[in-house]
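A short write-up of the structure that comes next.
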Amino acid sequence: MRIAYLECFSGMSGDMFLGALVDAGVPVKTLEDTVEALDVGARLAVSRVTRSGISATKVDVYVGEEKDLPREEYWARKSEDAASERGHSGLKHEHGHPHEHHDHPHKTETSGTVGSSQPSHSRGLPEIRAIISKAAISETSRKTAIAMFEALGAAEAKIHNLPIEQVHFHEVGAIDAMVDIVCAAVGAEALGVDEIISSPLNVGGGSVQCAHGTFPVPAPATVELLKGAPVYSSGVQAELVTPTGAAIVSTLATRFAPFPEMTIEKSGYGAGSRDFSGLPNVVRLTIGHAASVRAAKTHDEMITVLEASLDDLNPQVFGYVMDRLLEKGALDAFVMPLQMKKNRPGTLLTVLCKSEIADELAQLIFAETTTLGIRRRQEMRQTLARRWESVQTEWGEVRIKIASMNGTVTNCAPEYEDCRQIAAKHNVPLKTVMQEAARQYLGKEGKH
């Protein structure tokens, strides 16, 4: 089983991850072709730098001639420009001027507002989804990139109490984040690993200036994105994990753990923009093969189980409720028949979910069903390592979900939604599409 271990001892950002990918062997052209496929007026600049004596690869994103800057440098420059403009005009800045909605935080750290005050040069999440969906990249990378951006948008939506579709990003920030995120998705797929594991993340300390004020590190969006991940601060007074970096690692990493037992194949170092004294501002990506059963063991995680017994709910409602639960992030939802008190036939609704969304799903169950009570418990879930591969059928691309244990594939199955859409579009029996997708995957594996 081939794995990658991401060490975030100096934080995590999009440019650091791209640098580590290149340093670990992902061709620069792969990322350059990805940027070209996005067609958003951006380009990459790749260089070799030293951070506290460690040689690393630095990947910078340019939008036009504007280079992305660390947050504190951006705000310092913005303050200087504002002071210069006031000096030239002799006019004082008026409080409440709508220019505050134009601020460009580092890597879309803070969204703008919605409504008539929304600047014309911002991008909404639907537009960003459309740009990524049209890019000439693999379907797997496309879905991964959209998942990262939606995680970023969901964090901003929660913080600002907005519907996710109303979250906007400044034009330059949106482009920079798109480049980081889409290149991260493509580069991670190009690594050819079965699993990416991450270390705990050093988030830094101090405070950071955002468009809406000064906040303690980590920034609000970063905190939201890293729910469930182990974090710490080494005492460095700087923002070490950006929201874009948090979105990337929380989406790509299957788990957070100490350095796994592995046979090392190669490693790469990706540099951040700053150079700290005594702390190399780099992220390290180590590639290798799981060396033992212990390194490739199943993944254990604590989940929440919600249960409700129902004997007076219209059966037509169950399908709708289960769809809503899955849309809201439930890991699974199912029903079973049972005999209730007074010999009434009933139905047991069971929902598996991450603990952090249990309250939200419980509220949904109360709102959409007739239950008066929900049972809740914590259970340990053991899962196999999973990964996705795509195969090409005569009707289109289908993702294959592959489960493995100790490096051996134990199960593979075509993704139902991909097959269903193809079957409906081409008027082909669903079972035929699923059989052909499985055949293509098994044929590809047989050639290895």
Added length on full extension, which subtracts the Cα-Cα distance from 0.36 nm per residue, Met380 to Tyr320: 18.8 nm
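Of Lys29/Lys425; Lys29/Lys67; Lys134/Lys431; Lys29/Lys266; Lys354/Lys401, which sit over 27 Å apart, Cα to Cα? Write out the running numbers ahead of the final one.
Working: Lys29/Lys425 35 Å; Lys29/Lys67 20 Å; Lys134/Lys431 29 Å; Lys29/Lys266 20 Å; Lys354/Lys401 21 Å.
Over 27 Å apart, Cα to Cα: Lys29/Lys425; Lys134/Lys431.
Can you tell me how much longer the chain between Phe334 and Thr432 gets when fully stretched, taken as 0.36 nm per residue apart minus their C-alpha distance, in nm with one decimal? Please list the in-between numbers first.
Numbers: separation 98, 0.36 × 98 = 35.28 nm, distance 2.65 nm.
Stretched out fully, the Phe334 to Thr432 stretch lengthens by 32.6 nm.
Quote to one decimal, in nm, the extra length available between Val28 and Glu389 on full extension: 0.36 nm per residue of separation minus the C-alpha distance between them.
On the way: separation 361, 0.36 × 361 = 129.96 nm, distance 2.25 nm.
Gain in length upon complete extension: 127.7 nm.
How do Arg381, Arg375, Arg123 rank by accessible surface area computed with a 1.4 Å probe, from largest to smallest?
Values: Arg381 60, Arg375 110, Arg123 30 Å².
Per-residue accessible area, sorted high to low, gives Arg375, Arg381, Arg123.
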Which value, in Å² rounded to 10, gives the accessible area of Glu66 with a 1.4 Å probe and all protein chains present? 80
How long is segment 332-424 along each principal axis, judged by its Cα atoms, biggest number first, in Å? 54, 37, 27
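The values are calculated or read from the model by the stated rules, or taken from the named source; none is laboratory data. What you see is a predicted model; the values in this text were computed from it and never measured. Just the protein is used for accessible areas: all its heavy atoms, side chains included, with ligands, DNA and RNA removed. Shrake-Rupley method; radii C 1.70, N 1.55, O 1.52, S 1.80 Å.
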